[in-house]
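The structure appears below as structure tokens.
The values are calculated or read from the model by the stated rules, or taken from the named source; none is laboratory data. From a predicted model like this one, the values you see are computed outputs, not experimental measurements. Heads up, the Cβs are rebuilt from the backbone with ideal geometry, glycines too, and the neighbour counts pull from every protein chain shown. Heavy atoms of the whole protein, side chains included, go into the accessibility calculation; ligands, DNA and RNA do not. Shrake-Rupley method; radii C 1.70, N 1.55, O 1.52, S 1.80 Å.
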Amino acid sequence: MKAMFEHLQRATLATTPTPLEQGPVIPGGARLWVKRDDLTGLGGGGNKARKLEFLCGDALAVGSRALVTVGAAQSNHCRMTAAAGARLGMEVHLVLSGDEPDVATGNQLLSMLFGAQLHFTGAAQSHWGELEIARELLTGELSGAGLAPYSIPIGGSTAVGALGYAAAFIELLDQFDVAGIEPSTVVFTSSSGGTHAGLLAGRAAASAAGRTVPGIVAIGVAKGVNIGLPNIADLANQTLDLMALTDVRIDPVDVEVDKRWIGGDYAVPTTAGDNAVRWAAANGGWLCDRTYSGKGLSGALGLAEEGRFADEDIVFIHTGGWPALFSTDGIPA
Ligand SMILES: *Cc1c(COP(=O)(O)O)cnc(C)c1O
């Protein structure tokens, strides 16, 4: 099924396949497997490396010399885009929420090390619309300066970016065969929806090819940017179009976003999320962050406690995010 991606432009940026590790039995008796997409390699790793392979492949194909993207102050996507630019010899501009700090920490520190130029908008943390307008303005300025910038929306969640997770879904199926398992469900952390759309596209493609496929459950960690369900189906269908599978379509009933684990708002820690960060570190040596993978894992464990998974194998895709752990003063006990 890898042939489904062969006609597409792709820059080599991620170290794949990432490991599929067996974890402990979780409440309710399900066997947890962790797909280590925190280990994609690029600039500290995380899910954006897979999207950036296709986004940067496209950017190079159209002759761009600079990358522009946008995110929250501690954006992992911006940090990995900065690393991609360093690898490919492209100038990188990052539009960020908040003001310039006295001392850069976490993802901002790493983005600066990768040589990116950081543009602070002063926007509030999750004012995504305001951030996107700032990205468009900056893109216009750089175009005027003759840089032919390739401008990437929040989270890299275009159909081109989502291709990375369609390919990741096929990668997972191969690993299920090797491990001799048939998991019932894949759970992961979702915000801008590109990872979700890509997984759905990969699942639909594999199902159309006659494979038995697991269900997909997204744990939402952002309001607003967590584009509505019909839009995720649309994005997944556009991804299938790029894969030249125009007759395979997403069934909207397969789009499930569980929004109960966000807490107050995007990037506002929750007790359940912090407990999941500690649980992951103590039970598997996995580093999760408080904004994304910790809340996502709290959703997976919470669903297990509710009895959603019985005597089943389930997969949690660890989407990364650990550099943000070093942007906080600690996690309250
Ligand atoms: C971006 C990100 C996500 C969410 O991915 P989307 O495709 O934007 O939904 C999850 N976890 C981490 C660590 C991320 O950086």
So for 4, 243, what's the accessible-area order with a 1.4 Å probe, most first?
4, 243
In nanometres, what is the gap between the two model label sites at residue 148 and residue 211, each 7 Å from Cα along Cα-to-Cβ?
3.6 nm
Expressed as a whole percentage, what fraction of the accessible surface of the range 48-156 belongs to carbon and sulfur atoms when a 1.4 Å probe is rolled over the protein heavy atoms?
54 percent
Length gain on complete extension for the stretch residue 22 to residue 278, per 0.36 nm per residue less the alpha carbon to alpha carbon distance?
90.4 nm
Across the chain, how many lysine pairs separated by 8 or more positions, or lying on different chains, have Cα atoms within less than 23 Å?
15
If I stretch the segment between residue 15 and residue 113 completely, what's the gain in nm (0.36 nm per residue apart, minus their alpha carbon distance), one decimal?
33.2 nm
Using distinct alpha-carbon pairs, which all enter the 1/r mean, Kirkwood radius of the range 48-156 in Å:
13.5 Å
Counting only the heavy atoms of the protein chains, how much of residue 279 is accessible to a 1.4 Å probe, in Å² to the nearest 10?
60 Å²
Report, by chain and number, residues whose modeled amide H sits under 5 Å from the one on residue 150, excluding near sequence neighbours (fewer than 5 apart, same chain).
65, 66, 67, 68
Residue 268 versus residue 178, label points 7 Å from Cα toward the beta carbon: distance in nm?
4.2 nm
In terms of the alpha carbon gyration tensor, root eigenvalues a ≥ b ≥ c, rounded if a/c is under 1.5 and otherwise prolate when a/b exceeds b/c or oblate, the range 166-249 is oblate
Sorted list, accessible surface of protein heavy atoms, 1.4 Å probe, largest first, for 37, 99 is 99, 37
Point-charge dipole on Cβ atoms (K/R +1, D/E -1) for the chain, about Cα centre, debye to 20:
300 debye
Using only the Cα atoms of the range 152-204, build the gyration tensor, take square roots of its eigenvalues as a ≥ b ≥ c, and label the shape rounded, prolate or oblate: rounded if a/c is under 1.5, else prolate if a/b is larger than b/c, else oblate.
prolate
Return P(r) of the range 187-309 (all Cα-Cα pairs; 5 Å bins starting at 0; whole %; ordered from short to long distances).
2, 12, 20, 20, 17, 13, 9, 5, 1, 0
Can you compute the equivalent ellipsoid semi-axes for the chain, i.e. the square root of 5 times each eigenvalue of the Cα gyration tensor, sorted largest first and rounded to whole Å?
29, 24, 17
Using heavy-atom solvent-accessible surface (probe 1.4 Å) with all chains present, what is the largest-first order of 150, 165?
150, 165
Vicinal HN-Hα couplings computed from phi for the range 184-195 (Karplus, 6.51 cos²θ - 1.76 cosθ + 1.60; Hz; Gly/Pro x):
7, 8, 10, 10, 7, 8, 10, 10, 7, x, x, 4
Placed amide H near residue 187: partners under 5 Å, 5+ positions off or other chain:
217, 315, 316, 317
